[in-house]
1. Just checking, how many residues over the range 103-120 are in contact with a strand residue (DSSP E or B) (Cβ under 9 Å, 6 or more places away or on another chain) and farther than 24 Å from Lys42 by Cα?
2. Does the range 166-191 hold any residues that are in contact with a Leu (Cβ under 9 Å, 6 or more places away or on another chain) and open to solvent by 20 Å² or more (accessible area, probe 1.4 Å), and which are they?
3. State yes or no: is Thr71 part of a helix (DSSP H, G or I) and within 16 Å of ligand 2 (Cβ to nearest atom)?
4. Looking for whichever is at pLDDT 95 or above and closer than 20 Å to Asn227 by Cα here; the options are Leu36, Leu104, Leu56. Which one fits?
5. Look through the range 63-95, keep the residues that are closer than 19 Å to Ala122 by Cα and among the small types (Gly, Ala, Ser), and return whichever of them is most open to solvent (accessible area, probe 1.4 Å).
6. Given (1) within 16 Å of ligand 1 (Cβ to nearest atom); (2) open to solvent by 80 Å² or more (accessible area, probe 1.4 Å), where does Arg219 come up short, assuming only one miss?
7. Could you name every one of the helices (runs of 4 or more DSSP H) located completely within the range 119-225 that has at least 2 residues being of a type in the set (Val, Ile, Thr) and touching a residue at least 24 places away in the same chain (Cβ under 8 Å)?
8. Please state which of the following conditions Pro99 fails to meet, knowing it meets all the rest: (1) assigned to a loop (DSSP other than H, G, I, E, B); (2) open to solvent by 10 Å² or more (accessible area, probe 1.4 Å); (3) away from ligand 1 (no atom under 16 Å from the Cβ).
Amino acid sequence: SLVEYEDFAKMEMSVAGFAPPKPIKTFQQCGFDAQLMAAISKAGYERPTAIQCQALPAALSGRDVLGVAKTGSGKTAAFVLPMLVHIMDQRELDKGSGPIGLILAPTRELAEQIHKETRKFARAYSMRVSAAFGGLSKYEQVKDLKNGCEIAVATPGRMIDLIRMKACTLLRTTYLVLDEADRMFEMGFETQVRSILGQIRPDRQTLLFSATMPRKIQRLVADALTNPVHITVGIEGV
Ligand code: ADP
Ligand code: MG
């Protein structure tokens, strides 16, 4: 409707892709249960940020998401909250041990931030969030992954090391997030990212976030995402 377009203009947001779902304006509209709503309010989140308004309903409806937004726009909750719902929906069915949700980030610092933010919300369901990035001992990480987890937050290189060490497999993974994809490419992780993609079932749900959209990333988007909802916050490429 007109009102929504006006709101989008105010938020400098645009949405493309086949039949994008209607944006939400409040967390209440997402259909989260009481436990998750409590975790959201405990985190001090009163209302969704611009990217969350569109990415939450898209991801909750099972769509792939391509999000172009700069740092500080609230991307983590945009992919983590739907990930938790996705996992709750299938955890009963599947008694495997590898992560159901996998989040890849380019650096240890970013992975640490995401890990912290994810645990805040995963606590609502007592889900285990494994860390697979530098700075922590590989031995501890192998032990932790072998004990089982629903979510892993990883840098590409360390994830591949841990898979090689048979700490886990990605056979159970059905929700994949590639965060800060442009930096992942700048740092030379394309081969690793593609190798990880090749180990995850192709019917997974995939969300890719990036501040910029260079040609290399467009190619990855074409290869890794299916019919994504394309959300841009701010001006693309800036
Ligand atoms: P990005 O990944 O886009 O850089 P983050 O997900 O790290 O952004 O979020 C940036 C900061 O904003 C974090 O401190 C996060 O806790 C906070 N934040 C995210 N969403 C909301 C919200 N809806 N309300 C209030 N604070 C939020
Ligand atoms: Mg981030």
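1. Adding up the residues that qualify gives 2.
2. Glu180, Arg183, Phe185, Phe189, Glu190
3. Details: part of a helix (DSSP H, G or I): no; within 16 Å of ligand 2 (Cβ to nearest atom): yes.
Considered against the rule, which asks whether it is part of a helix (DSSP H, G or I) and within 16 Å of ligand 2 (Cβ to nearest atom), Thr71 comes out as no.
4. Of the residues listed, the single one that is at pLDDT 95 or above and closer than 20 Å to Asn227 by Cα is Leu56.
5. Ranking the qualifying residues of the range 63-95, first place goes to Gly74.
6. Condition (1) is where Arg219 drops out.
7. On the way: elements: 138-147, 156-164, 181-186, 190-197, 215-224.
Counting at least 2 such residues, we get 156-164, 190-197, 215-224.
8. Pro99 satisfies all of (1) assigned to a loop (DSSP other than H, G, I, E, B); (2) open to solvent by 10 Å² or more (accessible area, probe 1.4 Å); (3) away from ligand 1 (no atom under 16 Å from the Cβ) except (2).
The values are calculated or read from the model by the stated rules, or taken from the named source; none is laboratory data. Treat the numbers as computed from the prediction; the structure is a model and nothing was measured. Note that we place each Cβ from the backbone using ideal geometry, even for glycine, and neighbour counts take in every protein chain shown. Ligands, DNA and RNA are stripped out before the accessible areas are found, and what is left, the full protein with its side chains, is counted by its heavy atoms. Shrake-Rupley method; radii C 1.70, N 1.55, O 1.52, S 1.80 Å.
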